[in-house]
Structure formats: structure tokens, C-alpha cells
Amino acid sequence: MNINLLVGESGARSDNQIYTTVARWALTIGVFLLPLFFLPQTTSPLEFNKQMLLLVVASVGLIAWLLGVVSSGRLSWRSTLLDKGVLAVLVATIVTAVLSQGRFQSIFGINASVSGSLVSIASLTILFFLMTNLWHDRGVRLRSILILSIMVGLWYGLLQLLGVFGLPISITASRAFNSVGSPNGLGILAAVSLPLFLNTIGWKRYISILGIIPALAILVILNWWVIWVVVVAGMVGYIVVSALLESFKISRFILPMTVVVLGVFLLLIKPNLPFKSKLPVEVAPSYSLSFKIAQSVLHEEFFTGYGPENFSMAFDKYGAKKLANTTFSSAQFFDSASELFNQIIQGGIVMGVAWVLVLWSLIQLFVYVVRHRSQVDRNAAAVWASLIALGVAFCLYPFNLTLIFVFYAVAALSMLVEWGSDHKELHVEEHIALSLISSLGFIAGLILVLVGIYFGASRYIADIHYRNALGAKDIHLAAGEIDKATEWNNQDDRYYRAAAQVSLGLLSQELAKKADPQDTQRNTRIQNYLAAAINFSKQATQLNKKEAANWDNLGTIYQNLMGFVEGVDKLAETAYGAASQLRPGDASYSNKIGLLNITKADLIRQLAKNNPSVAQSYGTVESALSAAEASFKRAIDMSNTFGLAIYNLGTVYERQGKLGEAIRELEKIAPFNNDAPDLLFELGLLYYRAGNKNKAFETLQRVLVLSPDFANAHWYLALIYEERKDTAAAISELEKILSVESNKNNQTVLQKLEQIRSGKVSGDKAIDQKPL
């Protein structure tokens with residue numbers, strides 16, 4: 001009996017060791033791969049793939065750990081001061097995701113922005129507790145794996161910045177590409193990881209040297225004040241914490257002090273480095289604008305904000321109007337200027353309290369470490385300095401998945417360096433409550449993992465099909481891929497917007513075909529494509545009513561169906577109006593309503609010739625043009641530098657016969673569009689129609705300076721020369737048109753040339769002639 005019991009215990013311990021080993025290896029692989037991982041087959045090579053890796057590692061680790069507990073009947077647990085803060089962030093994320101204005105985005109994130117989603121935070125929380133409970137070596141292994149991974153990532157990022165592309169993958173053939181995120185994101189990683197490379201021993205010292213070299217090189221190349229502030233915070237933090245925990249020896253601080261001096265020096269002189277000029281500029285809302293958006297969101301949704309990963313909706317509502325007179329007036333942003341603002345905007349006061357609890361836990365932990373400094377591990381100063389740098393970065397830069405992962409990993413390290421070998425071991429089977437909790441926990445954990453993996457895999461497969469659709473050269477192939485994407489994931493509004501556009505393309509293609517009397521299914525296909533375009537775009541708005549892009553897409557679909565479906569002009573205007581309400585201050589929607597009414601006016605003119613009774617249902621040309629005029633004026637009031645709206649207003653005036661007003665509108669934008677020959681050409685024709693022939697002549701000549709092969713500019717100059725009886729100059733202009741290969745057989749030009757050469761000069765005005 002006793003022998004059997006001993007054998008049973010031995011078997012249970014053996015099983016537990018196997019499961020623990022599996023969990024530790026899952027952690028090891030995950031910690032190493034996450035800063036480096038990317039794959040090209042999805043729309044987001046970095047964030048989406050990293051999230052999937054994170055989900056798999058957390059799932060495998062959790063199941064293996066739970067199996068170990070259940071099979072052995074023993075629970076090894078390390079209770080730490082930071083536990084409550086980490087759990088508070090998870091609970092706050094759950095609450096704000098459930099009450100989110102875009103629930104699907106809050107749970108899974110948007111492909112390019114997933115770091116704050118519920119799936120990511122839940123997976124990171126699992127990893128945090130696995131890291132703090134599976135390793136009992138005061139963080140030696142975790143720190144070693146982490147600095148090795150970061151070192152490899154920094155070297156790869158540095159080579160990319162220098163234009164050395166080592167991988168035969170098309171997406172990597174860019175200086176801006178790296179395994180972390182943007183170049184600035186790479187710089188932030190270099191800044192927060194620099195302290196981790198300090199004070200290492202043994203083989204890790206060589207890894208540290210290999211990590212410090214690319215980190216400093218990246219910092220120098222980017223030379224951005226935010227990155228240097230983070231670096232200085234980390235280096236000063238290292239010096240201060242080392243002085244508090246150990247004896248102060250200035251020789252140990254030569255490198256940190258040198259880095260601080262280097263950073264201040266480079267910020268003061270601001271050298272113009274050739275490598276940086278070849279990098280794209282990273283654009284984000286300013287700190288002041290981010291602060292104002294946060295204020296507005298707290299006034300509207302004080303407790304829960306807009307929900308995780310819904311910053312774009314908050315920006316649309318409160319930030320877009322601030323950019324009305326800039327080149328970014330139609331831009332959409334998915335992050336604020338810093339992670340601090342992101343958390344407040346997306347999580348409200350609930351998330352703010354959770355992060356305050358994290359901060360308070362860290363302060364308590366640090367006070368404890370200082371009081372027990374005689375027992376502190378030698379790695380503590382480097383870990384705490386990295387945490388300080390991460391805290392400063394949190395306030396100055398938005399975190400992607402790599403940066404938030406590094407934060408959780410370093411937070412776990414801060415616990416391990418203090419309580420790395422201290423843990424409690426509970427005999428679960430000796431306590432009925434613990435036994436019941438562990439059994440239910442295993443069942444709940446397994447269900448959670450299966451659900452997470454299922455939905456994660458479904459989204460992943462769907463996104464592969466979506467990417468294939470975006471890259472498809474044949475519209476029928478694109479339609480097939482989009483259909484598969486919606487089958488795997490029917491909750492992503494982007495897929496339905498794309499499906500609507502593809503259906504509209506198929507409809508246009510079908511209408512462009514020559515009708516075949518033998519094809520009895522043509523009308524059915526047309527009706528199906530038409531219905532699909534409308535239904536898909538409606539489905540997108542139903543999935544996410546607060547996304548302006550969905551209503552904009554619906555308006556575009558309706559506008560393109562004018563002439564096929566009665567009454568869609570009003571539906572299109574309503575849709576654009578809904579988009580404008582979600583993104584107030586964006587002049588593009590008023591401009592689109594104006595264009596809608598111009599199209600309506602053209603349609604009425606056309607119908608008046610062929611079907612007067614139907615034309616009456618659309619109103620009059622004059623009313624449509626008046627509505628267009630009002631819309632363009634409204635757009636210009638929002639953004640007085642919106643050149644497209646000014647140009648379109650000029651077009652309306654021209655159609656209304658108000659040539660003076662039309663010229664004035666085009667003259668407003670002409671000085672800012674000296675490289676736009678089409679605009680100058682339109683202005684030249686307006687000058688001629690208004691009787692200002694000299695200005696028309698000069699403007700058309702300016703068109704040819706910008707675009708020497710502009711055929712219609714040559715054409716109208718030839719007609720003006722003909723009108724002036726300057727036949728030689730007219731012939732010269734026509735010959736310039738024919739000198740271009742694509743125009744050499746143009747019959748209109750050839751006939752006019754023959755007419756002038758034969759001395760038959762036309763008496764018609766130049767402006768009365770149709771363009772080529």
C-alpha cells in the first residue's frame with residue numbers, strides 16, 4: 001500500500017515536471033521570438049502575427065501549467081506586490097471592452113494596432129504570472145533570453161536603417177522596416193533596453209556589448225528628443241538606484257554618464273545625418289491635441305472611455321477638426337502621442353485607476369527593495385532603470401505589442417530579482433476548496449484557450465484571404481477571396497467595405513460589356529451585383545455604427561448607383577451626413593455631397609433629353625447646382641485651404657454661367673498649385689470664355705512649360721493662333737501634338753492641320769471647339 005502510494009507520488013511528480021518543462025519552454029520560445037517575429041502573409045506583418053504568437057504561447061503555457069497542478073496536486077505560487085496592479089489592468093480592459101463603442105476592435109484590436117486589445121492584455125497577464133511562478137532563478141534566464149532577443153532585433157533594425165536588407169522578402173526592402181514597428185518604435189526599444197545590457201557577467205557580458213553597439217547607433221541615427229529623454233531617464237535611474245542599493249563607485253557609471261552627455265550634445269547640435277533623411281517621417285497627433293481629445297472623451301465617457309483600440313473613433317470626433325487646414329485633414333490616426341493618453345481615451349477613469357494601482361504597486365515594491373537592499377540581487381539596478389525608462393516612454397510614446405510585452409517582461413523581472421527563490425507550495429488535494437478551484441480553473445482555462453485559439457485562428461485565416469483579395473489583379477479572384485474572408489470572420493467591417501467595392505467593380509465590368517442576346521443571365525448578374533454592393537456596405541455600418549469610414553463607403557456606393565436605382569441620391573447624402581457627424585470638421589464629406597449634386601445635375605440634363613418624366617423626379621438642374629454650391633461653400637468654411645472644394649466650387653459657377661466667380665475661385669488655388677497643369681488649363685479656358693484672351697493665351701503657355709506634351713493646351717493655342725490669323729504658329733502647335741507617338745494618327749488634328757495648310761482658316765472661336 002505504501003509502495004503504491006510512493007510510486008503514485010513519484011509518477012505525479014514526474015508528470016508535473018514534464019508539464020512544467022513544457023510551460024517553461026513555451027515561455028522561453030515566446031520571450032525570444034516576440035520582439036523578432038513577423039510574417040508577410042497578413043495585412044499587418046508585425047502586430048497581427050505577434051498577437052497570434054502571443055496567444056499561442058500564453059495558451060500552451062497556461063494549459064501545461066494547469067495540467068501540472070491537476071496531475072501533481074501541488075500548486076507552487078509566488079504572491080507579489082505587483083499582482084494586484086496587473087490584474088487591475090486586465091479587469092479594467094475587460095470592463096471597457098464589454099462597454100466599448102466598437103466591441104470587436106476592443107476584443108481583438110485592429111490589425112495594425114492590437115497592443116491594448118483584450119486578447120493581448122489577457123495573454124500578457126497570463127505570461128506575467130507564468131514568468132513570475134515558473135522560474136525560480138531570480139530572473140537570470142528571463143533576462144538572458146530577453147536581452148538576447150532584443151540584441152538580435154536591434155542589429156536587424158540597424159542594418160535595415162543603413163539600407164542593408166538581408167531577407168529576400170518584399171516587405172523588408174525598406175529602411176523603415178524592422179521587427180519592432182516604426183523606426184521611432186525601434187528607437188524606443190533601444191532606449192528602454194539599454195539599462196538591461198548594463199552590469200552583466202559571464203557570457204551575457206558579450207551579449208550586452210553586442211546589444212549596446214546597435215542600440216547607441218540607432219539612437220544617434222534617429223536623434224529624436226523623445227528617445228533621448230527616455231535614455232537619460234534610464235541612465236540617471238540606473239545611477240540613482242545603484243547608489244541606493246549598492247555602494248557608489250563612479251567607475252561603474254562611466255558608460256551611463258557618457259550616454260547622457262552624448263544625448264544632450266546631439267540634441268543641442270542637431271547634426272544632419274544622411275541616414276535619417278532617407279527615413280519616412282512618423283506622423284502622430286501632437287501632445288496638446290491628444291490632451292484635448294482625452295479631455296473631450298472624459299466629458300463624454302468618463303468611466304470607460306471609447307474602449308480599447310478605439311482611439312481612431314475618438315480622433316474622428318474630437319481631433320479631425322483641429323487638422324482641417326493642414327495636409328492631414330483627411331488622415332485617420334490609431335494612436336495618440338503617448339500610451340498614457342491612449343489608455344485614458346480608450347479606458348476612461350477605470351483604466352486610469354488601474355494604471356495608478358500599477359504605479360503604486362511599483363512604488364511599494366521599490367520601497368521594499370530599498371529597505372531590504374542587503375538581500376537584493378545584483379541585477380536589480382538594471383531592471384529598475386529599465387522600468388523607469390519604460391515609465392517615461394509610456395508618457396511620451398504610444399506602445400505597440402513589442403513595447404508593451406517588454407514592459408510586462410521587465411515588470412516580471414522586477415519581482416523575480418527580489419523574490420526569485422521564494423514561493424509557496426500548496427497541497428491542493430488536502431484542501432477541498434483548493435481542489436475544487438483548481439479543477440474548475442483547469443476547465444475554465446481549457447475553455448478559454450480553446451475559444452481564444454479558435455477565434456484567433458479564424459481571424460488569421462480570414463486576414464490571409466483579405467490580403468490576397470487586396471493584392472489580386474483579377475476582380476473575380478478578389479471577390480472569391482473576400483467571400484472566404486467573411487466566411488471565416490464575419491465581424492470585421494473592413495471586409496464588408498472591401499466586398500462592397502468589389503461588387504461595385506463587378507457591376508461596372510458587367511455594364512461595360514457588350515450585351516449578348518444569348519446571355520439570359522446578364523440582368524440577373526447585374527441585379528445581384530447591385531444588391532450585393534448595397535448589402536455589404538450596409539452590413540459594415542451595422543457592425544460598427546460609430547466608424548465614419550463605413551458610412552463614407554455606403555455613401556460612395558449609393559452615389560455610384562445613381563441612374564440605376566431611384567432615390568439613392570438622397571440615401572448617399574444621408575450616409576455622407578452620418579459620416580460627417582462622426583467626424584465633424586472633415587471638409588471632405590461636404591465636398592463629396594457637392595460632387596454628388598453635380599452628378600445629379602448631369603444626370604437630370606441627360607434624362608431631360610431622353611426621359612423627361614423621370615428627370616422631374618430628380619428635381620431641376622438649377623436646384624442641384626445650388627445644393628452643390630452650398631456644399632462646397634460649407635467645405636471651404638471648414639477648411640479655407642481645401643483646394644479641391646475651391647476648384648469644384650469654380651466648376652459649379654462655370655456651369656451656372658458665373659464665369660467671374662469661377663475664375664476667382666480657381667485663382668485662389670492656382671498659386672499653390674503651380675505644378676498642376678490641369679488646373680491651369682481649366683483656368684485658361686475660363687479666361688478665354690470670359691473674354692480675357694491675353695490671360696488665356698499666357699496661362700495656356702504656362703501649362704506647356706509644366707507639361708510640354710499637354711495635347712489640349714497645344715490644341716487650343718493652335719486654335720487661338722488660327723483665330724489671330726497666325727497660321728505658322730498654329731501649324732507649329734498642331735505638329736507638336738502629332739510628334740507624340742500616341743497622337744500621330746489623331747484624325748481631328750490631321751484634318752485641322754490640312755485645313756490650315758490649304759488656307760481654309762475657320763471663322764469659329766477657339767473656345768467653341770471641343771477638346772481632343
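The values are calculated or read from the model by the stated rules, or taken from the named source; none is laboratory data. Keep in mind the model is a prediction, meaning the values are calculated, not measured. When we count neighbours, we look across all protein chains shown, and the Cβ atoms used for this are built from the backbone with ideal geometry, even at glycine. Just the protein is used for accessible areas: all its heavy atoms, side chains included, with ligands, DNA and RNA removed. Shrake-Rupley method; radii C 1.70, N 1.55, O 1.52, S 1.80 Å.
Restricting to segment 703-753, what's the tally of residues that are open to solvent by 40 Å² or more (accessible area, probe 1.4 Å) and of a type in the set (Ser, Thr, Tyr)?
Number satisfying all stated conditions: 5.
I'd like to know if segment 117-132 contains one or more residues that are over 25 Å from LEU148 (Cα atoms), buried (at least 22 other Cβ atoms within 10 Å of the Cβ) and of a type outside the set (Val, Ile, Thr).
yes
State all residues of segment 243-264 that are of a type in the set (D, E, K, R) and open to solvent by 90 Å² or more (accessible area, probe 1.4 Å); if no residue qualifies, say none. Reasoning before the result, please.
Initially, segment 243-264 is screened for residues of a type in the set (D, E, K, R), giving 246, 249, 252.
Hit for segment 243-264 is LYS249, nothing else.
What is the one condition in (1) modelled with pLDDT of 90 or more; (2) surrounded by 19 or more Cβ atoms within 10 Å (Cβ to Cβ) that LEU99 does not satisfy?
The number of the failed condition is (2).
Within segment 594-644, how many residues turn out to be of a type outside the set (Phe, Trp, Tyr), modelled with pLDDT under 85, within 38 Å of the chain's Cα centre (by Cα) and not in a helix (DSSP H, G or I)?
Counting residues in segment 594-644 that are of a type outside the set (Phe, Trp, Tyr), modelled with pLDDT under 85, within 38 Å of the chain's Cα centre (by Cα) and not in a helix (DSSP H, G or I) gives 2.
The conditions are (1) touching a strand residue (DSSP E or B) at 6+ places or on another chain (Cβ under 7 Å); (2) under 30 Å from ILE363 (Cα atoms), and VAL69 fails exactly one of them. Which is it?
Looking at each condition in turn, VAL69 falls short on (2).
Listed here are the residues, each with its yes/no results for (1) open to solvent by 50 Å² or more (accessible area, probe 1.4 Å); (2) under 21 Å from the mean Cα position of the chain (by Cα); (3) under 18 Å from ALA548 (Cα atoms).
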site	(1), (2), (3)
LEU266	no, no, no
PHE315	no, yes, yes
THR327	yes, yes, no
ASN342	no, yes, no
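If SER732 passes every condition in (1) within 18 Å of LEU679 (Cβ to Cβ); (2) part of a helix (DSSP H, G or I) but one, which one does it miss?
Status for SER732: all satisfied but (1).
Can you name the residue in segment 268-296 that is under 30 Å from ALA173 (Cα atoms) and either hydrophobic (A, V, I, L, M, F, W, C) or touching a Leu at 6+ places or on another chain (Cβ under 6 Å) (or both) and, of all such residues, is least open to solvent (accessible area, probe 1.4 Å)?
Looking at residues that are under 30 Å from ALA173 (Cα atoms) and either hydrophobic (A, V, I, L, M, F, W, C) or touching a Leu at 6+ places or on another chain (Cβ under 6 Å) (or both), I get LEU279.
If LEU53 meets every condition in (1) open to solvent by 30 Å² or more (accessible area, probe 1.4 Å); (2) within 30 Å of ASN544 (Cβ to Cβ) apart from one, which number is that one?
Exception for LEU53: condition (1).
Take segment 292-328 and flag every residue that is among the hydrophobic types (A, V, I, L, M, F, W, C) and either within 13 Å of GLN346 (Cβ to Cβ) or in contact with a Ser or Thr (Cβ under 8 Å, 6 or more places away or on another chain) (or both).
Across segment 292-328, the qualifying residues are ILE293, ALA294, VAL297, LEU298, PHE303, PHE311, MET313, ALA314, PHE315, ALA320, LEU323, ALA324.
With the checklist (1) in contact (Cβ under 8 Å) with a residue 12 or more places away in the chain; (2) part of a helix (DSSP H, G or I); (3) of a type outside the set (Lys, Arg); (4) within 30 Å of SER59 (Cα to Cα) in hand, flag the one item GLN491 doesn't pass.
Condition (2) is where GLN491 drops out.
Please work out which residue is surrounded by the most Cβ atoms within 10 Å (Cβ to Cβ), limiting yourself to segment 657-688 and to residues that are in a helix (DSSP H, G or I) and among the basic types (Lys, Arg).
Ranking the qualifying residues of segment 657-688, first place goes to LYS668.
Give the residue that is nearest to LYS546 (Cα to Cα), with candidates limited to residues of segment 470-497 that are surrounded by fewer than 23 Cβ atoms within 10 Å (Cβ to Cβ) and among the aliphatic types (A, V, I, L, M).
Ranking the qualifying residues of segment 470-497, first place goes to LEU470.
Report the residue count in segment 207-261 for those that are without any contact (Cβ under 8 Å) to a residue 60 or more places away in the chain and not in a helix (DSSP H, G or I).
5
Identify all residues within segment 522-548 that are within 22 Å of the chain's Cα centre (by Cα) and closer than 23 Å to LEU511 by Cα; write none if there are none.
Within segment 522-548, just SER537 meets the criteria.
Counting only residues that are over 15 Å from PHE334 (Cα atoms) and in contact with a Ser or Thr (Cβ under 9 Å, 6 or more places away or on another chain), how many does segment 102-119 have?
Residues flagged as over 15 Å from PHE334 (Cα atoms) and in contact with a Ser or Thr (Cβ under 9 Å, 6 or more places away or on another chain) within segment 102-119 amount to 2.
Can VAL91 be described as within 14 Å of THR125 (Cβ to Cβ) and open to solvent by less than 30 Å² (accessible area, probe 1.4 Å)?
So VAL91 fails the test.
When the residues of segment 581-605 are narrowed to those that are polar (S, T, N, Q) and in contact (Cβ under 8 Å) with a residue 12 or more places away in the chain, which ends up most open to solvent (accessible area, probe 1.4 Å)?
THR599
Right, VAL70: β-branched (Val, Ile, Thr), open to solvent by 50 Å² or more (accessible area, probe 1.4 Å) and within 25 Å of the chain's Cα centre (by Cα) or not?
no
Does SER120 fit the bill of being under 19 Å from the mean Cα position of the chain (by Cα), at pLDDT 95 or above and among the hydroxyl-bearing types (Ser, Thr, Tyr)?
Yes.
Go through segment 331-373 and report how many residues are out of contact with any Pro (no Cβ under 9 Å at 6 or more places or on another chain), small (Gly, Ala, Ser) and touching a residue at least 40 places away in the same chain (Cβ under 8 Å).
Total meeting the criteria: 4.
Looking for something at pLDDT 90 or above, buried (at least 22 other Cβ atoms within 10 Å of the Cβ) and of a type in the set (S, T, N, Q) - is there at least one such residue anywhere in segment 212-223?
For segment 212-223, residues at pLDDT 90 or above, buried (at least 22 other Cβ atoms within 10 Å of the Cβ) and of a type in the set (S, T, N, Q): absent.
Tell me yes or no: at least one residue of segment 507-520 is under 30 Å from TYR318 (Cβ atoms), touching a helix residue (DSSP H, G or I) at 6+ places or on another chain (Cβ under 8 Å) and assigned to a helix (DSSP H, G or I).
Scanning segment 507-520 turns up no residue that is under 30 Å from TYR318 (Cβ atoms), touching a helix residue (DSSP H, G or I) at 6+ places or on another chain (Cβ under 8 Å) and assigned to a helix (DSSP H, G or I).
Please identify the pairs in which a residue from segment 263-291 that is among the aromatic types (Phe, Trp, Tyr) has its Cβ atom under 6 Å from the Cβ atom of a residue that is assigned to a loop (DSSP other than H, G, I, E, B), counting only partners at least 6 apart or on another chain.
From segment 263-291, the pairs are TYR287/ALA337.
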